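Next up is a structure, given as structure tokens.
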């Protein structure tokens with residue numbers, strides 16, 4: 001069986017809709033990138049792109065969004081999907097700040 005299947009199932013179960021980012025995304029994406037399963041990250045980004053970040057519904061914060069973009073971009077980069085990776089990295093760098101920069 002697939003070693004990341006429980007994390008993938010937890011990510012899907014925690015989503016109020018398929019568009020929502022969850023805390024579980026960072027666990028799933030971190031594990032996948034660490035063990036070289038970039039295909040799993042790419043499949044999630046492709047099949048259920050994140051369009052909603054709702055802290056009340058899912059408990060996410062700015063770091064969760066940045067991790068999604070960073071790890072997703074890293075996985076796509078590893079698969080040679082440079083334009084898609086650049087899009088996620090751009091989303092991370094243009095995300096609204098939650099506190100003033102020092």
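Can you pull out the residues in region 60-102 that are part of a loop (DSSP other than H, G, I, E, B) and either modelled with pLDDT of 95 or more or closer than 15 Å to residue 11 by Cβ (or both)? Talk me through it step by step, then tell me what you get.
If we filter region 60-102 for residues that are part of a loop (DSSP other than H, G, I, E, B), which is where we start, we get 60-61, 79-81, 94-102.
60, 79, 80, 81, listed by residue number.
In region 19-35, which residues are in contact with a helix residue (DSSP H, G or I) (Cβ under 8 Å, 6 or more places away or on another chain) and either part of a helix (DSSP H, G or I) or surrounded by fewer than 18 Cβ atoms within 10 Å (Cβ to Cβ) (or both)? Spell out how you get there, then give the answer.
From region 19-35, those in contact with a helix residue (DSSP H, G or I) (Cβ under 8 Å, 6 or more places away or on another chain) are 20-33; that's our starting set.
Of everything in region 19-35, those that are in contact with a helix residue (DSSP H, G or I) (Cβ under 8 Å, 6 or more places away or on another chain) and either part of a helix (DSSP H, G or I) or surrounded by fewer than 18 Cβ atoms within 10 Å (Cβ to Cβ) (or both) turn out to be 23, 24, 25, 26, 27, 28, 29, 30, 31, 32, 33.
Listed residues 57, 13, 9, 43; which is touching a strand residue (DSSP E or B) at 6+ places or on another chain (Cβ under 8 Å) and not in a loop (DSSP other than H, G, I, E, B)?
Result of the check over 57, 13, 9, 43: 57.
Output the number of residues of region 40-62 satisfying the condition of being closer than 15 Å to residue 96 by Cα and touching a residue at least 12 places away in the same chain (Cβ under 8 Å).
7
OK, next. Out of the residues in region 5-18 meeting the condition of being in contact with a helix residue (DSSP H, G or I) (Cβ under 7 Å, 6 or more places away or on another chain) and under 18 Å from residue 59 (Cβ atoms), tell me which one is surrounded by the most Cβ atoms within 10 Å (Cβ to Cβ).
Applying the first criterion (in contact with a helix residue (DSSP H, G or I) (Cβ under 7 Å, 6 or more places away or on another chain)) to region 5-18 yields 7-8, 10-11, 14, 16.
Still in the running and under 18 Å from residue 59 (Cβ atoms): 7, 10-11, 14, 16.
Numbers: 7: 19, 10: 16, 11: 21, 14: 17, 16: 11.
Here the answer is 11.
The values are calculated or read from the model by the stated rules, or taken from the named source; none is laboratory data. Remember, predicted model here, so these are calculated numbers, not experimental data. Counting neighbours? That spans all protein chains shown, and the Cβs are built from the backbone with ideal geometry, glycine included.
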